[in-house]
Amino acid sequence: MSDKKLFAEFPPVSTEQWEEVITKDLKGADYDKRLVWKTADGIAVRPYYRADDLKRVKHVGADAGTFPYVRGAKNNNCWLVRQTYCACTDKQKANAQALEGLMKGVDSLGFCFEGRLEEADLDTLLRGIYLDAVEVNFVGCTCSGAGLTQKLVAYAKKTGAKLDDVAASIDADPLREMTTKGALADDAFDQLKAAILAAAELKRLRNVGVSGAVVHNAGATAVQELAFALSMGNEYLAQLTDRGLAVDDVARRLKFTFAVGASYFIEIAKVRAARMLWANVVNAYKPQKGCSERMKIHAVTSAWNQTAYDAYVNLLRGTTEAMSAAIAGVDSLEVLRFDKSFKEPSEFANRVARNTQILLKEEAHFDHVVDPAAGSYYIETLTQSIAEEAWKLFKLVEEKGGYIAAFRAGFIQEQVKASAQKHDSNIATRREILLGTNQYPNFGEALGDDVRTALTAKAEKAAACPHSCNGSRPAQVGEPLKPYRGAEAFEALRIKTESSGRQPQVFMLTFGNLAMCRARAQFAGNFFAVAGFKVTDNNRFANVDEGVKAALAAKADIVVACSSDDEYAEGVPAIAEKLGSSAILVVAGDPACKEELQGKGISHFISVKSNVLEALKGYQKELGI
């Protein structure tokens with residue numbers, strides 16, 4: 001077998017030579033504006049990367065399973081397939097669903113609940129489930145975890161489980177509760193200490209949760225999610241070691257949960273950077289055991305970018321997000337149901353969700369390769385960039401006294417709200433696309449009363465503050481962050497149309513230049529369909545008179561002039577004169593003659609520069625919706 005390098009017969013090309021050719025091809029255009037894009041965190045992403053870029057990446061060269069664990073905390077890429085079942089009301093049903101899931105590929109069970117779980121509840125919930133054979137995770141309103149830890153230890157002993165093989169987690173995360181409810185019990189960390197001490201016999205139990213997902217689902221960026229999760233984790237280390245626990249005893253009880261968003265490569269880099277940064281945080285506490293520096297990561301696909309309209313697109317979102325998590329090397333993963341935002345769990349939705357990641361294992365073989373992103377010029381550089389920016393923000397939080405102090409001062413909220421507002425603005429202007437919601441909607445889709453009711457009920461439940469489950473009265477420490485979905489504003493817009501009892505008719509009056517009139521009709525059709533308006537498209541009318549006659553016959557509420565800029569100067573005033581007050585006249589585009597048309601009383605224009613959300617609200621108001 002030859003050791004000759006591929007393409008060795010070609011002379012090497014330097015970066016300078018590449019840049020010369022690019023500059024020449026740009027013909028004077030601005031390099032950064034044309035070819036460099038910035039992430040939501042302001043990280044500049046160049047159009048290409050080369051081996052030379054790796055010379056500036058400090059972590060390259062480390063093996064998987066070795067400090068700082070950027071390539072993973074283990075020497076394989078096996079992850080657990082988790083599915084979560086609601087145990088709030090019917091624990092017997094949750095048990096039946098869990099047993100069915102185990103038969104169909106799930107190997108990590110989640111049970112969400114509110115309040116306490118009693119011994120009898122565990123008997124019902126875990127019947128037929130062997131704690132030493134499958135990972136069991138308890139998530140929900142578990143502020144202290146001490147009581148549940150004691151019950152779980154007792155249950156494991158009662159059922160004869162091998163204690164050293166019991167891999168479970170209890171999502172006791174008072175900082176998550178504080179972030180979403182604004183309150184923190186005075187004895188929260190004393191309760192966590194008690195929980196850790198109670199877990200002594202279950203060496204693999206992780207009973208302190210750290211949720212980066214909670215800020216992601218409030219609109220945070222990848223860097224913010226990572227930095228604030230690190231700060232939460234460090235707060236737990238500091239608070240609990242101050243209470244006399246060894247850092248090894250604390251760190252090995254922590255389990256991080258990260259959301260995986262739509263930015264494919266950024267999410268891969270975020271998880272890799274998370275392991276590296278956490279290893280350095282724990283290392284500063286001088287642990288006695290190297291395993292304490294390994295971050296345990298559970299990933300969940302994003303709830304923030306799920307949509308109620310065109311909901312099957314959520315299947316595609318979940319697939320790419322699951323791929324990011326698998327490539328990044330998480331320990332467990334949950335793909336959310338595609339209809340989670342508006343429906344109770346169904347077997348179909350559960351099946352598709354779990355099969356998404358089972359397919360990544362069984363057919364795509366993602367579990368066979370450790371850290372496949374290693375060595376990628378782009379991903380390695382992106383990993384370092386995200387790590388650097390997250391570390392800066394982490395240090396800023398620490399300078400303010402840690403996560404609680406920064407939250408109390410409003411710094412966390414300020415940072416996340418600014419990011420959320422930017423997201424919202426970008427979605428409103430379609431700089432960020434939510435397919436099927438603010439762009440390319442399903443024209444004939446309607447949610448129906450049951451879905452609209454469910455969305456309203458979920459929003460009201462999210463706004464409510466559940467009781468504290470550790471018996472302590474929590475003290476208010478700051479304004480809570482509000483989890484939401486990016487699609488909510490556009491969904492409310494369309495629901496308003498559906499609930500009005502009428503569907504405005506939008507008529508495309510196409511004339512003149514064929515290419516331009518068709519392009520602008522397609523743009524305008526998508527624009528108005530986003531609000532649930534009925535769109536009538538037309539190939540091209542022979543002249544303006546024919547188009548106006550057809551629009552009047554159709555009893556259109558809105559008539560959109562679609563043609564080229566050159567033909568607007570004469571054509572649009574003619575349309576306005578013939579339409580009169582029969583319909584609202586809208587011009588598709590931002591023509592050079594706009595001021596001239598405005599001078600003739602034509603005031604409605606839509607273009608790629610429009611704030612789609614605000615414009616459509618305006619049209620609803622004009623139409624009495």
Here's a check for you: in region 581-599, which residue that is out of contact with any strand residue (DSSP E or B) (no Cβ under 9 Å at 6 or more places or on another chain) and surrounded by 13 or more Cβ atoms within 10 Å (Cβ to Cβ) is farthest from VAL530 (Cα to Cα)? GLU596
Filter region 18-34 down to residues that are part of a loop (DSSP other than H, G, I, E, B) and not small (Gly, Ala, Ser) and give me whichever is nearest to PHE265 (Cα to Cα). ASP30
Among what's in region 253-264 and is in a loop (DSSP other than H, G, I, E, B) and out of contact with any strand residue (DSSP E or B) (no Cβ under 9 Å at 6 or more places or on another chain), pick the residue that is nearest to THR383 (Cα to Cα). SER263
Given the structure, is GLY101 out of contact with any Asp or Glu (no Cβ under 6 Å at 6 or more places or on another chain), assigned by TED's automatic domain parsing to the domain that holds ALA299, in contact (Cβ under 8 Å) with a residue 60 or more places away in the chain and small (Gly, Ala, Ser)? yes
Out of the residues in region 102-146 that are crowded, with 22+ Cβ neighbours inside 10 Å and polar (S, T, N, Q), which is modelled with the lowest pLDDT? THR142
Output the qualifying pairs, or none if there are none: Cβ atoms under 7 angstrom, residues six or more apart or on different chains, first residue in region 154-180 and in contact (Cβ under 8 Å) with a residue 40 or more places away in the chain, second residue surrounded by fewer than 22 Cβ atoms within 10 Å (Cβ to Cβ) and among the charged types (D, E, K, R). LEU163/GLU201; ASP164/LYS203
Can you confirm whether region 174-184 contains a residue that is of a type outside the set (Phe, Trp, Tyr), at positive phi and in contact with a strand residue (DSSP E or B) (Cβ under 9 Å, 6 or more places away or on another chain)? yes
Do we have any residue at all in region 437-453 that's within 17 Å of the chain's Cα centre (by Cα) and modelled with pLDDT of 95 or more? yes
Would you check which residues across region 35-46 are farther than 16 Å from THR23 by Cα and either of a type in the set (Val, Ile, Thr) or not in a loop (DSSP other than H, G, I, E, B) (or both) and list them? TRP37, LYS38, THR39, ILE43, ALA44, VAL45
Taking into account only those residues within region 23-74 that are in contact with a Pro (Cβ under 9 Å, 6 or more places away or on another chain) and under 14 Å from GLN384 (Cα atoms), which is surrounded by the fewest Cβ atoms within 10 Å (Cβ to Cβ)? ALA62
Single residue of region 422-450 satisfying the filter (in a helix (DSSP H, G or I) and among the aliphatic types (A, V, I, L, M)) that is nearest to GLY618 (Cα to Cα): ALA428
Restricted to region 183-234 and to residues being within 20 Å of the chain's Cα centre (by Cα) and in a strand (DSSP E or B), the residue farthest from ASP165 (Cα to Cα) is SER211
Confirm whether VAL612 is of a type outside the set (S, T, N, Q), under 20 Å from THR497 (Cβ atoms) and in contact with a strand residue (DSSP E or B) (Cβ under 6 Å, 6 or more places away or on another chain). no
Is it the case that GLU267 is under 18 Å from the mean Cα position of the chain (by Cα) and in a helix (DSSP H, G or I)? yes
Taking the stated definitions as given, is SER341 surrounded by fewer than 23 Cβ atoms within 10 Å (Cβ to Cβ) and among the polar types (S, T, N, Q)? yes
With the structure loaded, tell me whether LYS578 is surrounded by fewer than 20 Cβ atoms within 10 Å (Cβ to Cβ) and either farther than 19 Å from PHE541 by Cα or in contact (Cβ under 8 Å) with a residue 40 or more places away in the chain (or both) or whether it fails that test. no
Of the residues TYR69, TYR49, only one is more than 26 Å from the chain's Cα centre (by Cα) and either of a type in the set (S, T, N, Q) or part of a loop (DSSP other than H, G, I, E, B) (or both); which? TYR49
Tally of residues being among the polar types (S, T, N, Q) and more than 15 Å from TYR403 (Cα to Cα) across region 214-231: 2
Hey, among SER376, SER341, SER332, which residue is under 21 Å from ALA311 (Cα atoms) and small (Gly, Ala, Ser)? SER341
Any residue that is closer than 23 Å to VAL139 by Cβ, among the charged types (D, E, K, R), at pLDDT 95 or above and in a helix (DSSP H, G or I) - is there at least one of those in region 244-252? yes
In region 581-605, how many are in contact (Cβ under 8 Å) with a residue 60 or more places away in the chain and either among the hydroxyl-bearing types (Ser, Thr, Tyr) or touching an Asp or Glu at 6+ places or on another chain (Cβ under 9 Å) (or both)? 2
Mind checking which residues of region 283-326 are in a helix (DSSP H, G or I) and either surrounded by fewer than 19 Cβ atoms within 10 Å (Cβ to Cβ) or at pLDDT below 95 (or both)? ASN283, GLY290, CYS291, LEU315, LEU316, THR319, THR320
Tally time: how many residues in region 344-363 are crowded, with 23+ Cβ neighbours inside 10 Å and of a type in the set (Asp, Glu)? 0
Output for region 288-330, where each listed residue is free of Cβ contacts under 8 Å to residues at least 60 places away in the same chain and of a type in the set (S, T, N, Q): GLN288, SER292, THR301, ASN314, THR319, THR320
Please specify each residue of region 365-384 satisfying the condition of being surrounded by fewer than 20 Cβ atoms within 10 Å (Cβ to Cβ) and in contact with a strand residue (DSSP E or B) (Cβ under 9 Å, 6 or more places away or on another chain). TYR378
Looking at THR149, THR241, can you tell me which residue is surrounded by 22 or more Cβ atoms within 10 Å (Cβ to Cβ), in a helix (DSSP H, G or I) and of a type in the set (S, T, N, Q)? THR149
Considering region 327-358 alone, what residues qualify as being outside any loop (DSSP other than H, G, I, E, B) and among the basic types (Lys, Arg)? ARG351, ARG354
Among the helices (runs of 4 or more DSSP H) contained in region 507-625, which hold 1 or more residues that are of a type in the set (Ser, Thr, Tyr) and in contact with a Gly (Cβ under 9 Å, 6 or more places away or on another chain)? 565-579
The lone exception for ALA251 - which of (1) free of Cβ contacts under 8 Å to residues at least 60 places away in the same chain; (2) among the aliphatic types (A, V, I, L, M); (3) within 26 Å of ARG46 (Cα to Cα) it fails: (3)
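The values are calculated or read from the model by the stated rules, or taken from the named source; none is laboratory data. Because the structure is a prediction, the values reported are computed rather than measured. Note: ideal-geometry Cβ built from the backbone for every residue, glycine included; neighbour counts use all protein chains shown.
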